[in-house]
1. Could you derive backbone 3J(HN,Hα) for the stretch 27-39 from the dihedral phi with the Karplus parameters 6.51, -1.76 and 1.60 (θ = phi - 60°), listing whole Hz in sequence and x where the residue is Gly or Pro?
2. Once both axes come from the Cα atoms, what is the angle between helix 389-398 and the longest principal axis of the chain, in degrees from 0 to 90, rounded to 10?
3. Report ³J(HN,Hα) in whole Hz for each residue of the stretch 357-372, in order, from the Karplus equation J = 6.51 cos²θ - 1.76 cosθ + 1.60 where θ = phi - 60°; Gly and Pro get x.
4. Set the Förster distance to 25 Å, then compute FRET efficiency between Asp260 and Ser151 from the Cβ-Cβ distance, nearest 0.05.
5. Within the chain, what percent of beta bridges assigned by DSSP are antiparallel, to the nearest 5?
6. Taking the number of other C-beta atoms within 10 Å as the exposure measure, put Ser266, Ser134, Ser3 in order starting with the fewest.
7. Can you compute 3J(HN,Hα) from phi for each residue in the stretch 94-109, using the Karplus curve 6.51 cos²θ - 1.76 cosθ + 1.60 with θ = phi - 60°, rounded to whole Hz and x for Gly and Pro?
8. Out of residues 5 or more away from Phe44 or on other chains, whose amide H comes under 5 Å of its own, with H placed 1.01 Å from N in the peptide plane?
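Rule-based calculations on the coordinates, nothing more; no lab input. Note that the structure is predicted; figures quoted are calculated from it, not measured. Virtual Cβ from ideal backbone geometry, glycine too; neighbours counted across all protein chains shown.
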Amino acid sequence: MKSAVETLNPTRVRLTVEVPFEELKDSLDAAYKKINQQVTVKGFRKGKIPARVIDQRFGRGAVLEEAVNDALPKFYTEAVNEAELNPLGQPEVDITELKDGETLNFTAEVDIRPTIEIPDYSGIEVTVDAVEVSDEDVEKAVTELRERFASTSPVERAATDGDVVTIDLEAKVDGEVLEDGVAEGVSYTIGSGELLDGIDEAVKGLEAGGEATFTSQLKGGSAEGKDAEVTVKVTQVAARELPELDDDFAQLASEFDTLDELKADSRKRLENMKQFDQATQAQERVLDELLKITEVPIPEKLLADEVQTRKHNLEHHQLGQMGLDLAKYLEIQGKTQEEFDAETEEAAVKGIKTQFILDELVNKEKLNVNQEELTEHLVRRAASSGMSPDQFAQAVVEGGQVPMLVGEVARGKALAVVVEAAKVVDTNGEAVDLEDDEDEAAEVEAAAETVEAVVDGDAEEKTEA
């Protein structure tokens, strides 16, 4: 077999392959054997029909077609390996010549990974938010904890903000009560915004036994999006009572003996959260800078497929679970179809560039994934999928997706290398040290999660939805 490569553009090549006919012998034998098992000829036992009889009865062309279909993948793979190509997706194959007993010639056009030159990334500089926890932040956290331990008790007065009311609801559209528009015994905290628009104004000022009618656009159900006339009846008003903010509360709500200890712990937790957010912000901004300084040609077909995949995932998974279609989603977001298409393509380009650049860095830096890193990644992916680690691991192995997970971790390690080399300062002008030798695996996993959000497109879509 002889092969040659023609570069069509930085991301696409054409392979020209010439195969001497004798190299088709194994595929021809397999073709005759397959046809033997599929047909019957009077006077011959099944599977024992001579080749010349098959040629006479069914035509040599049918045998050649079967043999070529069997042989093409093998010869294509040999040509790819010989040229040391990294193909993306399936090739477009064209048989240019097939002479029985002489030769098989074909061409195969395929997208390939582009050659990428990684620039010096040690000069990347980014600014991130400073880690600052104010007394107000601590008070807010303690107040939220205090509210979780609030109790309620019925009162004989008009409902007001913060009260918990028990209500019955009835919704009508065009004067008809909806089948799914009646609910009884609903508990609602006034001011929470958890039910219909307009309900707060309707129930405030009502005592138990009072009712009011208001108009609101329905957020779900059979008449979603339509204006409904809603009647609400208050059956009980209960006041929320917050526990006293003292040492007894600290002992009730935590493992601490004093309120000062509880507040100190709250401050520490908030600092840890802000440090994590700061590290994530640094990863995202360093990645953005790396993308800016690196030239990456994008294969057209790969981009088209990625855009289609992102749209499908958004429409049929994320929006489907929320009971929305794309038109409603765009209406809520205040976007046109053209704006949505442009944003989706932009995100797809960023995802593809990120994967190409970080994969190249993995090879350049000779990064390997150890068992601890892979296990931690698998555990996190299992949690996000709602499966146990054992179930997720079994599914990954059975689906042949272990290399995919290894690739995700490796890209995280590559990003961590770039972040480590970059200069990161906070908004106060102070240098930020993101290294933590004691928790290197967690640092890699956080970087892997940052990369996944860009490559898979999950972060933006979930936030927007």
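1. Whole-Hz 3J(HN,Hα) from phi for the stretch 27-39: 6, 5, 4, 5, 5, 4, 5, 5, 5, 4, 7, 9, 10.
2. Value to nearest ten degrees: 20.
3. 5, 5, 5, 5, 5, 4, 5, 5, 8, 6, 8, 10, 10, 8, 5, 4
4. So, using R0 = 25 Å, E works out to roughly 0.55.
5. Roughly 95 percent of the DSSP beta bridges within the chain come out antiparallel.
6. Sorted ascending by nearby Cβ count, the order is Ser134, Ser3, Ser266.
7. Working through the residues one at a time gives 9, 7, 8, 7, 9, 10, 4, x, 10, 7, 10, 10, 8, 10, 9, 9 Hz.
8. none
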